[in-house]
Amino acid sequence: MRFIKYALQLILFVTIVSSVQAQNKTWNSYDLFKIRSTVEAKISPDGEHIAFTLSVPRPFRESQGNDYRELYVYGLNTGRITEILTGDVFVSSLRWSPDSENILFLAKLNDDKVTQVYKSNLEGDHTEVITKSSTSILEYEINPNGGSIGYTATEFSPPSDYAELGFAQEVFEEKIPHRNLYIQNIETGNVEKITSDRSVFDFIWNDQGTKIAAAIAPENLVDHSYMFKRIFIIDASTKESMKLVENPGKLGNLAFSPDGSKLAFASASARNDAVISSYFVIPTNKKSEFAKLKKYSKGFKGSVFEVDWKDNQTVLFAANEGVNVTLSEQSINSDNRKIILEPGKVVFSAFDFHDGMFAFSGNTPKHPNELFGFDGQKLMRLTKHNDWISNYKFAKQEIISYKAKDGLDLEGILFYPLNYENGKKYPLITYIHGGPEAVNSNGWQTAYNRWGQVAAAQGFFVFMPNYRSGSGYGVDFTLEGLGDLAGKEYTDVLDGIDFLINKGLVNKNKVGVGGGSYGGYFSAWSATKHSERFAAAVVFVGISNQISKRNTTDIPYEDYYVHWGIWNYEDFEKVYDRSPVKYTKDAKTPTLILHGTADPRVHPSQSLELYRSLKMHGKAPVRLVWYPGEGHGNRKNPARLDYSLRTMQWFNYYLKGEGDPDQKPNIEIDYNLNIYDH
């Protein structure tokens with residue numbers, strides 16, 4: 001008995017010790033590749049189920065490619081989760097059949113050469129293809145009457161007879177196939193082409209199945225998808241179309257009222273508004289003049305990113321409001337809105353609504369995206385795909401408020417060092433968001449390209465400022481950056497850093513900066529123009545020469561309309577003056593530059609220009625890393641892991657006194673995949 005009692009005490013002791021040890025795990029780069037995140041959520045028409053997709057990291061030892069995206073169904077009445085498609089699959093664009101018996105989705109299954117529309121029953125034991133398009137289906141919508149399906153795809157272009165002989169030349173931006181709209185009869189399989197000579201980037205059916213609202217641009221180019229989409233109404237029977245409104249600039253989602261008489265849409269407030277910031281309502285039977293439309297979010301200090309209908313007289317909309325996300329409703333006969341999901345509860349980027357229930361993928365500072373339901377009163381977290389993170393220590397994450405030098409109120413997110421000691425000064429990593437029309441929300445902010453908890457676990461403050469020209473703070477806030485790149489928007493960042501230094505939190509000699517795209521631009525600007533302020537910089541897919549960037553990007557019109565307001569030839573000196581390469585002489589900030597070789601947005605030559613200029617004229621170490629085949633951001637996990645490990649190595653080396661500031665850290669990275677595998 002004494003032995004048994006001793007054994008039980010030992011087991012209890014080991015259990016307690018193991019539990020304590022488990023709860024003391026700290027974040028590292030490898031942990032990011034264990035995270036499973038929900039992506040889409042779609043409620044069935046009968047209100048009994050939510051179909052959702054789950055992003056699952058692709059293991060490093062497998063062939064390179066996207067993470068997997070699996071399909072599940074959550075039973076709202078039972079809480080049961082059913083696997084529909086899992087494993088080596090990528091499922092997207094969830095829809096339901098009108099009878100709620102089948103989930104529809106886009107995928108390449110079996111021996112598919114292109115993406116098709118599939119359907120699966122609720123048990124996942126019967127999956128079949130619906131479309132047989134010769135090119136990949138881009139978007140699709142089921143007609144609510146159930147008899148047909150609309151989809152967009154480009155026309156098939158057979159290869160040249162000479163292709164096999166090596167004549168593989170490409171003519172740039174010419175003869176790009178349009179994104180045509182097709183309607184397929186589900187019973188017969190017959191397909192009819194509805195549009196040609198223009199590109200359909202988004203479309204929806206009305207509930208009656210008689211009309212389609214479509215966002216159409218003249219050409220199938222990224223720039224056109226950004227700036228030149230206009231709203232058309234298409235009659236499903238006659239195929240006749242009518243431009244409904246000459247909306248300016250950027251266009252968000254479209255939503256028919258239940259009776260089909262009105263259309264709500266999210267849009268920029270003007271052509272030079274960089275953010276889809278507002279929502280509008282128009283009748284569907286006649287053309288409207290945008291300038292005369294009521295702006296329902298007038299005076300609203302946020303940015304509307306999605307709109308829907310509660311009933312024929314009430315609009316629902318989601319918005320970024322500062323560092324938070326809200327859900328609101330508003331009568332079309334009222335100037336006042338009612339917030340139904342308060343700020344600070346959860347962060348999300350899209351929602352689905354049906355019969356009083358919302359569904360979305362949401363995150364908080366304590367967990368990445370999970371499936372949520374919201375009935376207008378109670379917010380319900382429905383899944384827990386990452387229970388393992390409960391064993392990890394979390395650094396403090398808080399919202400900070402400070403003033404710019406001109407008195408403007410600003411916000412940001414701040415991570416404290418994990419084992420922060422009051423009165424001690426720490427090194428700082430300043431993370432700059434891209435866009436610049438993005439926003440840092442107070443949710444999950446730890447990823448391969450956001451250092452968050454990983455950097456905090458290694459003893460850094462991480463500051464994520466929301467500088468002017470971003471979203472979430474109203475149209476006027478966004479327009480502050482127009483024609484003044486790296487002006488007040490940049491000094492907002494410096495003011496935030498000074499705020500932290502003056503509070504006694506940060507060592508002013510150990511300040512680092514990093515980010516991607518526009519964040520890379522700010523980081524290059526910091527390493528050159530303001531080199532005296534920064535001890536290390538990470539420039540990812542960033543801009544170095546505004547003149548050559550504007551002549552090589554795939555979004556030149558977007559750049560002109562919402563950022564500059566002038567062309568290069570109108571003021572070369574001003575454009576070059578806002579270019580980091582102008583200030584590389586005697587730059588003293590050690591700079592790590594990283595770029596994908598297939599980036600169409602910020603050409604890789606931007607990083608080469610910065611590297612060469614710093615190499616020739618700077619006074620500090622510089623390193624350039626190429627990611628073969630990656631675009632404007634890394635898609636494959638090996639490149640993502642390298643980025644996370646390499647950038648943290650750079651910051652540790654220069655901000656924590658671990659290396660000679662005149663030298664560079666080891667060029668080789670020990671990926672040590674055994675850590676990940678276990």
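The values are calculated or read from the model by the stated rules, or taken from the named source; none is laboratory data. In this text the structure is predicted, and so the values were computed from the model without any measurement. We place every Cβ from the backbone using ideal geometry, glycine too, and count neighbours over all the protein chains shown.
The sole residue among E246, E240 that is without any contact (Cβ under 8 Å) to a residue 24 or more places away in the chain, among the charged types (D, E, K, R) and either touching an Asp or Glu at 6+ places or on another chain (Cβ under 7 Å) or surrounded by fewer than 22 Cβ atoms within 10 Å (Cβ to Cβ) (or both) is E240. One residue stands out among those in segment 314-362 that are assigned to a loop (DSSP other than H, G, I, E, B) and among the basic types (K, R): the one that is nearest to P465 (Cα to Cα), which is K345.
Of the residues making up segment 52-70, just one is part of a loop (DSSP other than H, G, I, E, B), surrounded by 12 or more Cβ atoms within 10 Å (Cβ to Cβ) and among the small types (G, A, S), namely G65. Name the single residue that is modelled with the highest pLDDT among those in segment 44-64 being closer than 26 Å to D111 by Cβ and more than 19 Å from the chain's Cα centre (by Cα). Here the residue is A51.
For segment 274-305, enumerate the residues that are surrounded by fewer than 23 Cβ atoms within 10 Å (Cβ to Cβ) and either within 22 Å of D355 (Cα to Cα) or acidic (D, E) (or both). Those that are surrounded by fewer than 23 Cβ atoms within 10 Å (Cβ to Cβ) and either within 22 Å of D355 (Cα to Cα) or acidic (D, E) (or both): V281, E289. Per the listing E123, E164, E155, E173, the residue uniquely out of contact with any strand residue (DSSP E or B) (no Cβ under 6 Å at 6 or more places or on another chain) and closer than 30 Å to T82 by Cα is E123. Of the residues V439, V475, the single one that is at pLDDT below 95 and under 20 Å from I276 (Cα atoms) is V475. As a summary of the residue check, G150 satisfies the conditions (1) loosely packed, with under 14 Cβ neighbours inside 10 Å; (2) touching a residue at least 60 places away in the same chain (Cβ under 8 Å); (3) not in a loop (DSSP other than H, G, I, E, B) except for the one numbered (1). Quick one: in segment 71-112, which of the residues that are β-branched (V, I, T) and free of Cβ contacts under 8 Å to residues at least 40 places away in the same chain is surrounded by the most Cβ atoms within 10 Å (Cβ to Cβ)? Among those residues, the one meeting the criterion is V91.
When restricted to residues that are touching a strand residue (DSSP E or B) at 6+ places or on another chain (Cβ under 6 Å) and either under 14 Å from F305 (Cβ atoms) or in a loop (DSSP other than H, G, I, E, B) (or both), segment 363-372 contains 1. Considered as a group, the residues in segment 532-552 that are outside any loop (DSSP other than H, G, I, E, B) and in contact (Cβ under 8 Å) with a residue 60 or more places away in the chain include one that is farthest from L608 (Cα to Cα), and that residue is A536. I'd like to check something: does segment 484-498 contain any residue that is over 30 Å from D599 (Cβ atoms) and surrounded by fewer than 24 Cβ atoms within 10 Å (Cβ to Cβ)? Yes. Among residues that are in a strand (DSSP E or B) and either of a type outside the set (S, T, N, Q) or surrounded by fewer than 19 Cβ atoms within 10 Å (Cβ to Cβ) (or both), Y420 is not included. Considering V129, V114, V89, which residue is within 24 Å of the chain's Cα centre (by Cα) and among the β-branched types (V, I, T)? None of the other options fit; the residue is V89.
For segment 506-565, filtered to residues that are touching a strand residue (DSSP E or B) at 6+ places or on another chain (Cβ under 7 Å) and among the polar types (S, T, N, Q), the residue that is surrounded by the fewest Cβ atoms within 10 Å (Cβ to Cβ) is N507.
Is it fair to say N190 is surrounded by 10 or more Cβ atoms within 10 Å (Cβ to Cβ), touching a Ser or Thr at 6+ places or on another chain (Cβ under 6 Å), on the phi < 0 side of the Ramachandran plot and modelled with pLDDT of 90 or more? Spelling it out, it is not the case that N190 is surrounded by 10 or more Cβ atoms within 10 Å (Cβ to Cβ), touching a Ser or Thr at 6+ places or on another chain (Cβ under 6 Å), on the phi < 0 side of the Ramachandran plot and modelled with pLDDT of 90 or more. Within segment 53-66, residues that are within 11 Å of K34 (Cα to Cα) have Cβ atoms under 7 Å from residues that are of a type in the set (K, R) in these pairs: S55/R36; S55/R69; V56/R36; P57/K34, counting only partners at least 6 apart in sequence or on another chain.
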